[in-house]
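Remarks on the structure that follows.
The values are calculated or read from the model by the stated rules, or taken from the named source; none is laboratory data. Being a predicted model, the structure only gives us computed values, none of them experimental. With ideal geometry, Cβ positions are generated from the backbone for all residues, glycine too; neighbour counts draw on all protein chains shown.
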Amino acid sequence: MNLIQNTILTSLPANRKKTPSGWISFNAPCCVYNGETADKKKRGGLMTSADGTVSYHCFNCGFKASYVIGRKLTFKMRQFMGYIGIPDDTIKKLAIEALREEESDIKYEKKKFITFNRKNLPNNTKPLATWLEKYTTGTLSDTEQKSIDNMLTYLSSRGIGPDWYDFMYSSSKVWDVHQRLLIPFYWKGDVVGFTGRMFEESEGVKYYTDVWPGYVFNMDAQDWTRKFVLVTEGPFDAITVSGVSILGSEINDTQRELIDGLGRQVIVVPDRDAPGEKLINQATEFGWSVAFPQWEDGVDDVADAVLKYGRLFTIQSILKTTESSKLKIDLKRKMYG
Ligand SMILES: [Zn+2]
């Protein structure tokens, strides 16, 4: 953690909370300076990333600012720092500090910044909480009411709470989006894609996904006190154990770089199927660890295990059966498969 990130984090309004996808939310301090009424619904969101990036978004007046280590403190970021009560002379000192890092620290220049551009969510996408508010007050149309009902049934059948992630929903019918639970993909605070999981009984594709190649899901939500990162295949696997997901069963170069960049023990938890084998091969090639949790038949992935055993036991069963040497991994996979 660097000085600028640290100063901002310790200066945030006291009454704040952390959302499942990694936002620290609090009453936005910016709106009154931008011709809007003061925010009372905690619509200011701040996100910090492992590389020291700090992003602020106001979901009330639209004010945005960010700071990336190795770059200058922007005018907007300095404005934001003023809004949260950081004294002017401190901001000036930190701006000089940022300049110093920009000029002196060549490692930042050498490092390639991996970034993903923003993508739009489907029309009329709103947080699940907004839909649930209308659902409970009965102010939705009959078809919308029925859809939300089915979605809640689906979530409960998978043992996932509606508050485990910043899930969203849209009544748009393009790609059957109205029959899907939307999982927005964040990157340093921006929406850079999404997947929609079909919750209705349907012949249609299970997941409709719009994402940039190389993206790793749930990086922003990582708990930085953990010494390890759990790498899973599907988004629900990642959500249920606060890991990351490669959104498939093969890791590409960008994903490898991002995950290695976390600087922690990487533990791959493959699904128990044929493509999982490929993932194990890649893990040993990269020098990563692999977990061989002993779950009952019919429990095929992390999300299944959490449904059957709960989160804590599932994480324990992963950590207890993690192997790091290639020899042991090869031995275990023979016993396992
Ligand atoms: Zn604002």
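Below are the figures for this structure:
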quantity: Selected residue [touching a residue at least 40 places away in the same chain (Cβ under 8 Å), hydroxyl-bearing (S, T, Y) and not assigned by TED's automatic domain parsing to the domain that holds D253] from T10, T37, T90, T74; calculated: T90
quantity: Residue within segment 36-51 that is more than 9 Å from the ligand (Cβ to nearest atom), buried (at least 19 other Cβ atoms within 10 Å of the Cβ) and among the polar types (S, T, N, Q) present; calculated: yes
quantity: R78 surrounded by 12 or more Cβ atoms within 10 Å (Cβ to Cβ), at pLDDT 95 or above and either more than 30 Å from G261 (Cβ to Cβ) or not acidic (D, E) (or both); calculated: yes
quantity: Whichever residue in segment 23-34 is surrounded by fewer than 16 Cβ atoms within 10 Å (Cβ to Cβ) and in contact (Cβ under 8 Å) with a residue 12 or more places away in the chain and, among such residues, is farthest from the ligand (Cβ to nearest atom); calculated: Y33
quantity: Enumeration of residues in segment 238-253 that are part of a strand (DSSP E or B) and among the polar types (S, T, N, Q); calculated: S245
quantity: Within segment 54-76, tally of residues that are under 22 Å from the mean Cα position of the chain (by Cα) and either within 16 Å of the ligand (Cβ to nearest atom) or over 14 Å from I24 (Cα atoms) (or both); calculated: 14
quantity: Any helices (runs of 4 or more DSSP H) falling wholly within segment 266-337 and containing at least 3 residues that are over 24 Å from the mean Cα position of the chain (by Cα) and more than 19 Å from V229 (Cα to Cα); calculated: 274-286, 326-336
quantity: Of the criteria (1) within 16 Å of the ligand (Cβ to nearest atom); (2) surrounded by 13 or more Cβ atoms within 10 Å (Cβ to Cβ), which one L128 fails; calculated: (1)
